[in-house]
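Worksheet: one structure, shown below.
The values are calculated or read from the model by the stated rules, or taken from the named source; none is laboratory data. Predicted, not measured: the structure shown is a model, and the values here were computed from it. Cβ atoms come from the backbone with ideal geometry, glycine included; neighbour counts cover every protein chain shown. For accessibility, only protein heavy atoms count, side chains too; no ligands or nucleic acids. Shrake-Rupley method; radii C 1.70, N 1.55, O 1.52, S 1.80 Å.
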Amino acid sequence: MQYRRLGSSDLEVSSLCLGTMTFGQQNTEAEGHAQLDAAMAAGINFIDVAEMYPVPTRAETTGDSERIVGTWLRHQARDKVIVATKVAGPARRMGWIRGGPKALDERNISKAIDGSLKRLQTDYVDLYQLHWPERNQPMFGQTFFDPTEERECTPIRAQLEALAKLVKAGKVRYVGLSNEHPWGVMQFLQLAREHDLPVVASIQNAYSLLNRVFEYGLAEVCYRENVALLPYSILGFGHLTGKYLDDPAAEGRITLFPNFGQRYNKPNVLAAVTEYAALARAHGMTPTAMAVAFVKSRWFVGSTIVGATSIEQLQENIGAADITVTDELLGAIDTVHARYTNPAP
Ligand SMILES: NC(=O)c1ccc[n+]([C@@H]2O[C@H](COP(=O)([O-])OP(=O)(O)OC[C@H]3O[C@@H](n4cnc5c(N)ncnc54)[C@H](OP(=O)(O)O)[C@@H]3O)[C@@H](O)[C@H]2O)c1
């Protein structure tokens, strides 16, 4: 396992991060703990969770992923584990989170962190991320900015001031963004510098062979501003393993929760997956291994988030991180990408 500093923070994170959003839904507490133990044994020191997990989000289960991480975390040496969690942005259909998160204002952010710390059974989180922006912008598979959707929202400076209070109180060490765009990242950075507020260390966005949108505008921003990408859904919700090509009814998130994977119900996803799977096999590796290794090899990636519903899956994903993506393979990947550019943006 390799370790690197996350953006401008002092966090030395492993090159893989364990995603936990299946804990409490597809995975029991015991299974979650087994995954955490296996990840730590492999050298992973970085865990990602969120107040709204597990997914698909439901009133009955929200917070359970943090609870499961918490019952494990209390038995660990706290300073050996880097814990990232997130405060949910506004969402009308999640009325059960703080009465329906309406704003990323001080009241909501401070209530959210206190809930997360309690469930995680810890005094602080290492990285606190805004799960998605409050302002109007395209997200979770939307591709167009729509000015007619503009609405009042908490100024970014006020969001940063709320985060600064958490840092000052020792509840949060560093802050990060998620599902953000270049304008948002630059605003957060500039306002932080102008007003001596926390500088974001990372951005957690979707990035995979099916979605390389990050490479357009955000890669430049992150390079010039020392912000690290924490790529999520690197297997396209499981599509890039190729299992749904082999058997469209294979048990997994896509067949268990058909309404959840809409981002991947787009033209060309299956055609792209078919080509990537064939390419991987022609290079003597599984489709999963190629998909993980590709993401991990990108220069802008701080730590690659791997998610699994079994120890076998987790071991395959961890093993893939050792694979070298040769220039020849990268060229072949880019050829497929040129034919099927970002089918699941
Ligand atoms: N910030 C955000 O908005 C956001 C959004 C999504 C995720 N995330 C973070 O990123 C983490 C990972 O996201 P994700 O779960 O969407 O990632 P993903 O890598 O696209 O999908 C992971 C899923 O694929 C299947 N899988 C994984 N490895 C496999 C293997 N070797 N063989 C066959 N199937 C395999 C498993 O589901 P099945 O067994 O059900 O097929 C697993 O749960 C989450 O836990 C969370 O921490 C963040």
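So here's what we get for this one:
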{"item": "With all protein chains modelled, accessible area of ASP196 [1.4 Å, Å²]", "result": "140"}
{"item": "Cα gyration tensor shape of segment 12-127, rounded if a/c is under 1.5, else prolate or oblate by comparing a/b with b/c", "result": "prolate"}
{"item": "In Hz, Karplus ³J(HN,Hα) per residue of segment 30-39 (6.51, -1.76, 1.60; θ = phi - 60°; x = Gly, Pro)", "result": "4, 5, x, 5, 5, 5, 5, 5, 5, 5"}
{"item": "Rounded accessible area of PHE23 (nearest 10 Å², 1.4 Å probe)", "result": "0"}
{"item": "Long-range HN-HN contacts of SER178 with modeled amide H, under 5 Å", "result": "LEU130, GLN204"}
{"item": "Net charge of Cβ neighbours under 13 Å - reference ALA162; Lys, Arg +1; Asp, Glu -1", "result": "+1"}
{"item": "Segment 84-159, accessible surface, carbon-and-sulfur percent (1.4 angstrom probe)", "result": "52"}
{"item": "Neighbourhood net charge (9 Å Cβ-Cβ; Lys/Arg +1, Asp/Glu -1) for ARG119", "result": "-1"}
{"item": "Charge tally in the Cβ shell below 12 Å around GLU51, where Lys, Arg are +1 and Asp, Glu are -1, GLU51 excluded", "result": "+3"}
{"item": "HN-Hα J in Hz across segment 137-148 - Karplus 6.51, -1.76, 1.60, θ = phi - 60°, x for Gly and Pro", "result": "6, x, 8, 6, x, 6, 10, 10, 7, 10, x, 6"}
{"item": "Cα centroid separation - segment 227-290 against segment 183-219, whole Å", "result": "26"}
{"item": "C-alpha long axis of helix 269-282 to longest principal axis of the chain, angle in °", "result": "60"}
{"item": "About the Cα centre, charge dipole magnitude for segment 150-270 (Lys/Arg +1, Asp/Glu -1 at Cβ), debye", "result": "280"}
{"item": "All-pairs Cα distance distribution in the chain, expressed in whole percent, bin size 20 Å", "result": "32, 61, 7"}
{"item": "Residues of segment 274-345: accessible area per residue with a 1.4 Å probe, Å²", "result": "41"}
{"item": "Helical contribution to [θ] at 222 nm, DSSP H n ≥ 4, -39,500 (n - 2.57), averaged over the chain, rounded to 500", "result": "-11000 deg cm²/dmol"}
{"item": "Those residues of segment 281-316 whose amide nitrogen sits under 11 Å from the label point placed on ASP246, 7 Å along Cα→Cβ", "result": "286-288"}
{"item": "Restraint check, LYS102/LYS266; LYS86/LYS168; LYS111/LYS296; LYS102/LYS296, Cα-Cα greater than 23 Å", "result": "LYS102/LYS266; LYS111/LYS296; LYS102/LYS296"}
{"item": "Per residue, in Å², the accessible surface of segment 84-167 once ligands and nucleic acids are set aside, probe 1.4 Å", "result": "48"}
{"item": "Point-charge dipole on Cβ atoms (K/R +1, D/E -1) for the chain, about Cα centre, debye to 20", "result": "660"}
{"item": "Carbon and sulfur %, accessible surface of segment 171-262 computed with the full protein complex present, 1.4 Å", "result": "52"}
{"item": "Highest-fluctuation residue, TYR223, TYR264, TYR276 considered, GNM on the chain with Cα pairs under 10 Å", "result": "TYR223"}
{"item": "Residue-normalised accessible area of segment 206-272, given per residue in Å² at a 1.4 Å probe", "result": "45"}
{"item": "Computed label-point distance, nm, for sites ARG298 and GLN2 using a 7 Å Cα→Cβ extension", "result": "1.6"}
{"item": "Ranking by accessible area, most exposed first, for ARG67, ARG78, ARG224, ARG92 with a 1.4 Å probe", "result": "ARG92, ARG224, ARG67, ARG78"}
{"item": "Nonlocal amide H pairs with TYR232, under 5 Å, H built at 1.01 Å", "result": "ASN205, ALA206, TYR207"}
{"item": "Principal-axis tilt of helix 182-195 within the chain, Cα atoms, nearest 10 degrees", "result": "30"}
{"item": "GNM result for the chain, Cα springs below 10 Å: residue of SER202, SER15, SER297 fluctuating most strongly", "result": "SER297"}
{"item": "Derived scalar couplings ³J(HN,Hα) [segment 300-311; Karplus, 6.51 cos²θ - 1.76 cosθ + 1.60; whole Hz; x for Gly, Pro]", "result": "8, 8, x, 8, 8, 7, 9, x, 8, 10, 8, 5"}
